[in-house]
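A short worksheet on the structure shown next.
The values are calculated or read from the model by the stated rules, or taken from the named source; none is laboratory data. These figures come from a predicted structure and were not determined experimentally. With ideal geometry, Cβ positions are generated from the backbone for all residues, glycine too; neighbour counts draw on all protein chains shown. Each accessible area value is taken on the protein alone, full model and side chains, heavy atoms only, with ligands, DNA and RNA left out. Shrake-Rupley method; radii C 1.70, N 1.55, O 1.52, S 1.80 Å.
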Amino acid sequence: MTGHEIRRRFLDYFKEKEHRIVKSSSLIPSSDPTLLFTNAGMVQFKDVFLGNEKRDYKRAVSSQKCVRAGGKHNDLEVVGRTARHHTFFEMLGNFSFGDYFKEGAIEYGWEFMTGIVKMPEEKLWITVYKDDDEAFRIWNEKIGIPADKIVRLGEKDNFWSMGDTGPCGPCSEIHIDQGEGIGCGSPECNVECDCDRFMELWNLVFMQYNRDSKGILTPLPNPSIDTGMGLERLSAVVQKVKSNYESDLLKPIITYS
């Protein structure tokens, strides 16, 4: 599949699951002084998560153009050091505003990865927030992931927020083991390593709180879902190349003359 086909299949898959396809918003947030650039697909839905805005749909899907070159989510310093980071990329995401929650997000995520883009199940690993027993149970008992392939991690890795303040919550990530030939080469390499071997593909965020300027967490009006998956990463894996820059989304730009 080409990158464009993957994007279309993602949007079509969630449209069939009664999600509204929403256009990518501006890279400059129109009414959010806490951000310089749009750094995630959920930015345009921030007020919906907070309960300050109502829309005529409870499920959405988008392919959002993002910039991460400063602030909380800053990839600038690792661009060129890894094969997976960019300052500009497209984020595929599905969203639920008080509708389905953890079980629905996990089931959709697994079905899309293994059923639509045919990721090999034996190569996929899961991370959950350290004390999120519910997410662990869903992955283990409902989806059938072996317990030794579900890794509990702390706030740095598995508690997501768009910035220092705003909507946030524990998250669960789908990683793929790209094999010993990719990454640091250490025999101790595992899903916690920063190299390219165990690469995060999809982050499923369970939006439950609003964090204020003092760091205090207040429950959101409705538990919601915010997911994000890099189109360039997924394309590289589907096309079986070792770097995002070798995928059909970026290689033509590099080789253009």
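Quick one: is residue 230 modelled with pLDDT under 95, touching a Lys or Arg at 6+ places or on another chain (Cβ under 9 Å) and either surrounded by 12 or more Cβ atoms within 10 Å (Cβ to Cβ) or hydrophobic (A, V, I, L, M, F, W, C) (or both)?
No.
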**Item:** Among the residues listed as 226, 157, the single one being assigned to a strand (DSSP E or B), of a type in the set (Asp, Glu) and within 24 Å of residue 94 (Cβ to Cβ)
**Value:** 226
**Fill in**
(1) touching a helix residue (DSSP H, G or I) at 6+ places or on another chain (Cβ under 6 Å); (2) open to solvent by 10 Å² or more (accessible area, probe 1.4 Å); (3) outside any helix (DSSP H, G or I) all hold for residue 172 apart from (2)
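Can you tell me how many residues in the range 216-234 are charged (D, E, K, R) and over 24 Å from residue 50 (Cβ atoms)? It would help to see each step written out before you state the result.
To start, the set of residues in the range 216-234 that are charged (D, E, K, R) comprises 226, 232-233.
So of that shortlist, the ones also over 24 Å from residue 50 (Cβ atoms) come out as 232-233.
Count: 2.
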**Prompt:** If a residue has to be of a type in the set (Val, Ile, Thr), within 17 Å of the chain's Cα centre (by Cα) and in a loop (DSSP other than H, G, I, E, B) to count, how many in the range 185-223 make the cut?
**Reply:** 1
**Request:** Give the residues of the range 133-172 that are among the β-branched types (Val, Ile, Thr) and modelled with pLDDT of 95 or more, sorted by residue number.
**Result:** 138, 143, 145, 150, 151
**Asked** Of all residues in the range 240-252, which are outside any helix (DSSP H, G or I), touching a residue at least 40 places away in the same chain (Cβ under 8 Å) and either open to solvent by 50 Å² or more (accessible area, probe 1.4 Å) or among the hydrophobic types (A, V, I, L, M, F, W, C) (or both)?
**Response** 242, 248, 249
**Prompt:** Listed residues 40, 60; which is buried (at least 17 other Cβ atoms within 10 Å of the Cβ) and in contact with a Lys or Arg (Cβ under 6 Å, 6 or more places away or on another chain)?
**Reply:** 60
**Asked** Among (1) of a type in the set (A, V, I, L, M); (2) open to solvent by 10 Å² or more (accessible area, probe 1.4 Å); (3) modelled with pLDDT of 95 or more; (4) touching a Leu at 6+ places or on another chain (Cβ under 7 Å), which single condition is residue 106 missing?
**Response** (2)
**Item:** Residue pairs meeting the criteria (Cβ under 6 Å; at least 6 apart or on separate chains; first in contact (Cβ under 8 Å) with a residue 24 or more places away in the chain, in the range 178-191; second among the acidic types (Asp, Glu) and in a loop (DSSP other than H, G, I, E, B))
**Value:** 182/196
**In the range 182-219, residue nearest to residue 63 (Cα to Cα) [restricted to those that are buried (at least 19 other Cβ atoms within 10 Å of the Cβ) and out of contact with any strand residue (DSSP E or B) (no Cβ under 6 Å at 6 or more places or on another chain)]** = 197
**Request:** Quick one: count up the residues across the range 109-154 that are part of a helix (DSSP H, G or I) and either open to solvent by 10 Å² or more (accessible area, probe 1.4 Å) or hydrophobic (A, V, I, L, M, F, W, C) (or both).
**Result:** 24
**Request:** Output the residue which, of all residues in the range 64-90 that are farther than 19 Å from residue 160 by Cα and of a type in the set (Gly, Ala, Ser), is surrounded by the most Cβ atoms within 10 Å (Cβ to Cβ).
**Result:** 83
**Asked** Does residue 48 satisfy the condition of being modelled with pLDDT of 95 or more and touching a His at 6+ places or on another chain (Cβ under 6 Å)?
**Response** no
**Message:** Any residue at all in the range 57-64 that's of a type in the set (Phe, Trp, Tyr) and assigned to a loop (DSSP other than H, G, I, E, B)?
**Reply:** yes
